[in-house]
Structures are given as C-alpha cells and as structure tokens.
Amino acid sequence: MALPATYKQMLSTVTADAELRLELVEKDLPTPKTGEILVRVEATPINPSDLGVMFGWTDMDKATTSNSGADSVLSASVSPQGMQVMKARIGQNLPVGNEGAGTVVAAGDDDYSQSLIGKTVAIMGGGMYAQYRCVPAMMALPLKDEHSAKDGASCFVNPLTALSMVEVLKMEGHKALVHTAAASNLGQMLNRICAADGVDLVNIVRKTEQADLLKAMGAKYVVNSSDDDFMAQLTDAVHETGATLAFDATGGGTLASDILTAMEMAAARTPSDYSIYGSTKHKQVYIYGGLEVAPTVLSRSYGFAWGVGAFLLPNFLAKAGMDVAARLRARVAEELTTTFASNYTDEISMIDALQAETVAKYNAKATGEKFLVCPQQGL
C-alpha cells in the first residue's frame, strides 16, 4: 500500500493573547531511519495525563469550535491565573497523546526494525493523536497476532502504573495498599493484579454504583467516601489489612490526610506499635493524579512516621531499572485482554475530539468512562 506524503497531527497551543487552541495540522510524512519504525496509528486513548497537555489550566466549560471537518479549531479563553501557570508553554505547539497502537508500515534498514513491518505494536512515545508516528523500534511493544490495535491502545499508562503500585509496595516493605478513585479503568486493573498476586487492597470510591461494580468484580474492601461513617469504614479496612501505603488519584482536598489519619487510628489499636510520637510504622501516600484541583490539605494528627509524595510512572521506571520495566511490560503483553483489558465509553475521530460538545463529555473525567481516539477515521 502506497503511503501518503503528508499526515494530520493534533497540536495544543496557548497563545500570547490568552487563548488555548487545539487543532489538526498537516505535516510531511517522515522516513524512518536506522532503528526506527513508522506506525499507522489506529487507536489511542484519552487519559487524564493527556488532558493535562491538551487543556492545561484552561476552563473548558466555555470552549467553542470554529470551522468544520479537518479544519475544526477548538478554542477557549485562558484566565490570568492560567496564563501564569502555563507561561512556559506560551507559543509552543505541543503534540498530544501519550500512548496508542497501530500497524508498522515502514522501517529503517536494520534487521529488527524490518522484522516489525506489518505487525501491530503499542507505543508510549507522545504525539500519538496523529495518523502516523515515527519512533525508535525499541520503544514499541509487539502485540500477539490475536490482539488488535484497540486491545493494545492502553497497554502502557494504566497497566504499568497499576503494576508499579504493587512494585512500590514490595520495594518499600508494605503489607497492603489503599487506592482512591478505585472504580476507574486503572483501579479495576489494580484489583485484578492484587487478587492474582495475593495483595490486600482497600478501594475508596465516592458513589454506590462504583462500590457495587468493584464488589461484583470480587473486591473485598470497598469504602465509600460519601458515607457518613466513611472514616470508620476506612479505619476498619486499614486495620484488617495492615495497609500503610496509599496511591491517591484525586490529589487535592483532604483525602490524603484522611487516609493517613485512618492508618494512624488503625495502628493505635495495636499498643505495641504505638509511642508518644505516634505509630512507629511508616505510613506513605503517593499522589499520582489531580482529579481534585483544590490545594492538598494535611491536618497532622498521625504522628511523625509518615510521608506524602508524588508518583510519576516514567520516574519510577527509570529508578526501578530496565529489568523491572521489561518484566512489567512482558506481563502486560501476556495478560493484555484479561488483567489489563480496557473498556471504552466511546470511540471518536480526531475531528470529533475537537468538537466542544464532545470535549465536555471526555473532559468530565467521570470514573469508569474512557474514550478511544481512532486517528484513521473521518480523514
């Protein structure tokens, strides 16, 4: 099949006159060099981390779309505060999309790259909201013959993040863990991993239907932050599991502090583990998301053996080393349609992704909802 001379790619720009623009631009199709492959991108998810690049600190409630088809432009005004936060990216045309999958259609002249031609591969290389993507061949994860691009579109960010949470638990010597926004696509994966690996997991959700979903999956410990007795439920679950590690997807508000408080209250039920300075076992919360944009509030009532830090997947993988990263990637490839299966609320084209009414749906970041962009559609 003859390849086109050009392709469309989505770019996000914050202009000097306080406007955010999201649009498709035409680019020359690259020729892969030695060690590179050219992938026809067929499926790429919208993750919260993608929204951060797409919209940044822009209030998208009043976003509008001008023009139509491939010429569509999504725009929104940026507040003075947003401009201050995003001043480093003003005038930069940022490619969007962290991960995706597709078919290798061309390759450099080395043997390994050539061996991938015609294969379906998954990639985490940025700029995936595009019809084509040229990347180093070693960055690609070849999928099994029975797996489609849709199967592999989300096989990096959520699966590797969920697996890394359990890796952190083992590396830091914790017994069990707590996870917030637990009914999310990632949260469901984490439940499957913990069930398979024999790790107790305390799930925090905020709606009854989310709790019901996880319980139907077999989750043993599910607490609802909207319940009046939430702290009592959480403390009981933490005490029963011995959890001293948490991963918080919300980021803002008091939830991280509430988790530490529950861990301290649970530890107080075991006098041998208590001192005048609080429990001696270290309690750790890692914030890995920003679903709640309010400031993180810590009300210190949990002694002196605790920590709150940030968790970012690339940083962890770099620290853990190539052997750990390779082991985790191999597990994802093996369990792609079971443990790490992703379900999508809707499949949209890149043109659809620029329509204000569609943006309102996928930017809502509703738990359990996930959108898949299909770059080959509509163009």
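The values are calculated or read from the model by the stated rules, or taken from the named source; none is laboratory data. Worth saying up front: this structure is predicted, and the values here are computed from it rather than measured. Quick reminder, even Gly has a Cβ in these numbers, built from the backbone with ideal geometry, and neighbours come from all protein chains shown. Surface areas here come from the heavy atoms of the whole protein model, side chains and all, with no ligands, DNA or RNA. Shrake-Rupley method; radii C 1.70, N 1.55, O 1.52, S 1.80 Å.
Of note:
- Selection of first residues in region 236-261 that are more than 16 Å from HIS282 (Cβ to Cβ) and of second residues that are open to solvent by less than 30 Å² (accessible area, probe 1.4 Å) and of a type in the set (D, E, K, R), restricted to Cβ pairs under 8 Å at least 6 apart or on distinct chains, gives the following pairs, ordered by first then second residue: LEU255/ASP248.
- Entirely in region 128-243, the strands (runs of 3 or more DSSP E) that have 3 or more residues that are out of contact with any His (no Cβ under 9 Å at 6 or more places or on another chain): 132-136, 177-180, 221-224
- Matching residues in region 355-372 - criterion: being among the aliphatic types (A, V, I, L, M) and either over 15 Å from the mean Cα position of the chain (by Cα) or surrounded by fewer than 18 Cβ atoms within 10 Å (Cβ to Cβ) (or both): ALA356, VAL359, ALA360, ALA364, ALA366
- Count of residues meeting criterion [under 21 Å from the mean Cα position of the chain (by Cα) and open to solvent by less than 50 Å² (accessible area, probe 1.4 Å)] in region 137-147: 3
- When the strands (runs of 3 or more DSSP E) confined to region 255-369 are screened for residues that are within 30 Å of ALA101 (Cα to Cα) and modelled with pLDDT of 90 or more, those reaching at least 2 such residues are found at 283-287, 346-348.
- Restricting attention to region 1-49, the residues that are within 22 Å of VAL293 (Cβ to Cβ) and at pLDDT below 95 add up to 3.
- Long-range neighbours under 7 Å by Cβ, at least six apart or interchain, first residue without any contact (Cβ under 8 Å) to a residue 60 or more places away in the chain within region 211-223, second of a type in the set (Ser, Thr, Tyr): TYR221/THR241
- Taking region 83-97 as the range and being within 19 Å of SER49 (Cβ to Cβ) and either in contact (Cβ under 8 Å) with a residue 60 or more places away in the chain or among the basic types (Lys, Arg) (or both) as the test, the residues that pass are MET86, ARG89, GLN92, ASN93, LEU94, PRO95, VAL96, GLY97.
- Here ALA195 meets each of (1) more than 14 Å from the chain's Cα centre (by Cα); (2) closer than 20 Å to SER342 by Cβ; (3) surrounded by 24 or more Cβ atoms within 10 Å (Cβ to Cβ); (4) free of Cβ contacts under 8 Å to residues at least 60 places away in the same chain with one exception, condition (3).
- Number of positions in region 84-100 that are open to solvent by 60 Å² or more (accessible area, probe 1.4 Å) and closer than 26 Å to LEU160 by Cα: 1
- With respect to the conditions (1) small (Gly, Ala, Ser); (2) open to solvent by 30 Å² or more (accessible area, probe 1.4 Å); (3) within 25 Å of LEU313 (Cα to Cα), SER225 falls short on a single one, namely (3).
- Scan of region 162-198 for residues that are among the hydrophobic types (A, V, I, L, M, F, W, C) and at positive phi, ordered by number: ALA181
- Under the condition of being part of a helix (DSSP H, G or I) and of a type outside the set (Val, Ile, Thr), the residues counted in region 11-67 number 10.
- Check on GLU264, of a type in the set (Asp, Glu) and farther than 30 Å from GLY56 by Cβ: yes
- In region 151-170 there is at least one residue that is open to solvent by 10 Å² or more (accessible area, probe 1.4 Å) and without any contact (Cβ under 8 Å) to a residue 60 or more places away in the chain.
- Within region 264-291, the set of residues being over 26 Å from ALA182 (Cα atoms) and buried (at least 21 other Cβ atoms within 10 Å of the Cβ) comprises just one member, SER279.
- Selection count where residues are open to solvent by less than 20 Å² (accessible area, probe 1.4 Å), touching an Asp or Glu at 6+ places or on another chain (Cβ under 8 Å) and within 17 Å of ALA149 (Cα to Cα), scope region 101-128: 5
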